[in-house]
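These notes are about the structure you will find just below.
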Amino acid sequence: MAGKHSRTRIFSSPAGIVATAAVGVALAVGGTVGAVQLASGSDQSGQTAFDLTPTPVASSVTPSSPAPSASASPSVTASPSATRSQQAASRGKERTSSPKPKPKPTAKKTTAAAKVLESGSCGASFYSDGQLTANGESFNPDALTAAHKTLPFNTKVRVTNPANGKSVTVRINDRGPFIDGRCLDLSRAAFATIASVDVGALTVRYEVLG
């Protein structure tokens, strides 16, 4: 066969056999396998024949891929260690009540004094019979109302008893009285505020309020 040469070497000593074995190992490491044939002839005593015909062997070892270089792992920074405050715990401190805010002073509501439009003196009496008033209301003897001959309905009049200084403010809702010398006819409750109903009639001071 072309490209192949068969060589047969005969070694007659043990040293030669060892050398031949070493050559076979070297050929196997280099990628070839040497076929060694040991032949012993009857006519040649003490001699050993080796067939050192090299046989190419396909290498099954695939080139190893280069190992990926290990990337440097990010350095881990140690978290700051928690330090205890040297201050005493809040529950160990003496607790004091927080000061309460002072209430803001509230402005006092002042009612403006009623304006006096007219004043004078006259006789006053009272009435308590149930009837309709001149403005169409049902007369209520317990309400603070009064009758006047000319003042507009719902006009406020302050009536004062000069004998004791007591006064009452009434609302005009009726007409009267129709007796000379009297200008006001008060309800029973209004008259009782400034005098005894046993009197029946008295001179009062009146003030028409605006």
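Those residues that are within 17 Å of ARG188 (Cβ to Cβ) and β-branched (Val, Ile, Thr), I need them from segment 114-154; list them, please.
THR133, THR145
Could you tell me which residue of segment 178-204 is most open to solvent (accessible area, probe 1.4 Å), considering only residues that are β-branched (Val, Ile, Thr), touching a Lys or Arg at 6+ places or on another chain (Cβ under 8 Å) and not in a loop (DSSP other than H, G, I, E, B)?
Taking segment 178-204 and keeping what is β-branched (Val, Ile, Thr), we get 179, 193-194, 197, 199, 203-204.
This time we only want the ones that are touching a Lys or Arg at 6+ places or on another chain (Cβ under 8 Å), so: 193-194, 197.
After this cut, where a residue has to be not in a loop (DSSP other than H, G, I, E, B) as well, the list is 193-194.
Working: THR193: 63, ILE194: 1 Å².
Applying the filter and picking the extreme gives THR193.
For segment 136-148, give me each residue that is surrounded by 13 or more Cβ atoms within 10 Å (Cβ to Cβ) and more than 60 Å from the chain's Cα centre (by Cα). Full working, then the answer.
Taking segment 136-148 as the starting set, the residues that turn out to be surrounded by 13 or more Cβ atoms within 10 Å (Cβ to Cβ) are 137, 139-141, 143-148.
Across segment 136-148, the qualifying residues are PHE139, PRO141, ALA146, ALA147, HIS148.
The values are calculated or read from the model by the stated rules, or taken from the named source; none is laboratory data. Predicted model, so just to flag it, every value in this text is computed and none were measured. Every residue, glycine among them, receives a Cβ derived from its backbone with ideal geometry; neighbour counts consider all protein chains shown. Please note that ligands, DNA and RNA were not included when accessible areas were found on the heavy atoms of the full protein model with its side chains. Shrake-Rupley method; radii C 1.70, N 1.55, O 1.52, S 1.80 Å.
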